[in-house]
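Asker: The structure that follows is given in the form of structure tokens.
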């Protein structure tokens, strides 16, 4: 195929089609990753669809590229759908460019081949990778046992019946699990120290336990064991092993296959740790108590390509990575049951050291603007700053009708998201210029980390000139204002920002959670509830959906706050009732609980579920849920706007307004 810079060359229909796809690949590379291609030939190529993120491993791509010459550099970045290659001569790169464009590459395990598209680049600049340091207290001991001992342990697992505990079977139906010594109860995230299982730990484990004691990997001989078996594609959500049930020092033996475990500090620093087959993972101190760890559910891991690079635990060098297909991995996790409360140096995430944190469940309905401001400060602003990380981790998928509104805007439109949260709508339409604002400094910080244009402000006073916005969205924000006057002011402020002809989309929670005999997602119980499985360490909350449509951890409030509900029932109508999750709203002004592990920091995206109900932090958020027609009536009272459309969307009342 002719180079892109050639002219006056008559192309066949197939060549024209290929050229269009190649140009499209250029645009995608530039738009998504800032990779600028050049028309003239160079020694350097970018191969679209040829990256680790597409399931292509280094050996497969290298074999294809080396047919056309000497490949001096092959750079494959983690989870990216493209790769870079440098040939020793321009002619070799030109031949690869001409021969491989539009060619299919068959990938093992994929039913459909992928098509490669090549373009020249001026140079290859590898990403700067800061040296990664492992979590303090983390150790990976390779070849801790012999292959023969491994076979014995795996044969023991295969000969053992699956877990017989009814609740564990239901929670972990997609994973084989067996407990020894003590049963770990997933219903209350703890063990019953007064009910040890008969038989203790299997004698076959004595060899590895004695070696771990002798080498000082653990201070106490473990008396609790969980065996888990993971098939390719299975994993563990990020978690920290609960402090109160177990002592410091947890060891995990990996058998059958290697895997990659991700560790993350509450400040966001994360490292990927390779756990080789027959290795022992030791977690003590900070790595055991403060860092979350988990295994992403996938069938391939990004690992160093050479065996020499695999020596060591941290995967930090991106210059020589490839894909490794996962096999069936069996883990033996040993713990020592704690007999006294935990007194670790990390009280912010320690359930033993944190009593239940619960906001006052019964403030009064505000009677003045000053009271309303105080109420919103305590039950809206402070709460979202506290739960920002966890809240953000539950907000992923934009709502279809909000996406439809944003994508219908003309290219170059200036749009503001008032109350942008974690910014999930700020990148929906790449053709418009979007800015976001929010009262929560921690949510704004999360947006800035994602490189969005955002600022902190009050929704009643946005520091922008009047009439500068082509469009505005306000999704699940106005219902947090606690008087009718403040809700009216919030919508007037949105209208002020719009230019004449500009439109705004506003969503608020609806009092009516059932419409036309169809329940909203908030009320509907899924036939098959998704359960977050964690390995003997965290609670197993049901994953539901709230009015914003994203997955959130919902814990039955009835079992946690019966006392609070009894108190509320005795209070007069001026007190704000506490809503019970997944039930119809009984009042328009109420407090909606957000369940979070006590002591979790605001910037932690992996908060700890509770060990016991009494250890939960329950944060109450103020809401005014709108009745049918209420939102439209407020909008009609504003002189310079008209309602273009109003509708009901999964438990929300919604309007599109236009300024004139």
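The values are calculated or read from the model by the stated rules, or taken from the named source; none is laboratory data. Please read all numbers here as calculations on a predicted model, not as lab measurements. Every residue, glycine as well, gets a Cβ built from its backbone with ideal geometry; the counts of neighbours run over all protein chains shown.
Asker: Does region 435-456 include one or more residues that are surrounded by fewer than 15 Cβ atoms within 10 Å (Cβ to Cβ), in the same structural domain as residue 414 (by TED's automatic domain parsing), out of contact with any helix residue (DSSP H, G or I) (no Cβ under 9 Å at 6 or more places or on another chain) and touching a residue at least 40 places away in the same chain (Cβ under 8 Å)?
Answerer: Yes; the residues of region 435-456 include at least one that is surrounded by fewer than 15 Cβ atoms within 10 Å (Cβ to Cβ), in the same structural domain as residue 414 (by TED's automatic domain parsing), out of contact with any helix residue (DSSP H, G or I) (no Cβ under 9 Å at 6 or more places or on another chain) and touching a residue at least 40 places away in the same chain (Cβ under 8 Å).
Asker: With 64, 71 as the choices, which residue is surrounded by 14 or more Cβ atoms within 10 Å (Cβ to Cβ), farther than 25 Å from residue 428 by Cβ and free of Cβ contacts under 8 Å to residues at least 24 places away in the same chain?
Answerer: Details: 64 fails: free of Cβ contacts under 8 Å to residues at least 24 places away in the same chain.
Going through 64, 71 in turn, just one is surrounded by 14 or more Cβ atoms within 10 Å (Cβ to Cβ), farther than 25 Å from residue 428 by Cβ and free of Cβ contacts under 8 Å to residues at least 24 places away in the same chain: 71.
Asker: Sticking with this one: Restricting the search to region 386-400, which residues are assigned to a helix (DSSP H, G or I) and surrounded by fewer than 18 Cβ atoms within 10 Å (Cβ to Cβ)? Full working, then the answer.
Answerer: Restricting attention to region 386-400, the residues satisfying the condition of being assigned to a helix (DSSP H, G or I) are 386-393, 400.
Within region 386-400, just 400 meets the criteria.
Asker: With the requirement that a residue be at pLDDT 70 or above and part of a helix (DSSP H, G or I), what does region 27-49 give you? Walk me through it before giving the result.
Answerer: Kept after step one, since they are at pLDDT 70 or above, are these residues of region 27-49: 27-28, 34-49.
Correct list: 27, 28.
Asker: To continue, here is another question. With the condition kept exactly as written, say whether any residue in region 148-169 is buried (at least 18 other Cβ atoms within 10 Å of the Cβ), at pLDDT below 95 and on the phi > 0 side of the Ramachandran plot.
Answerer: No: zero hits.
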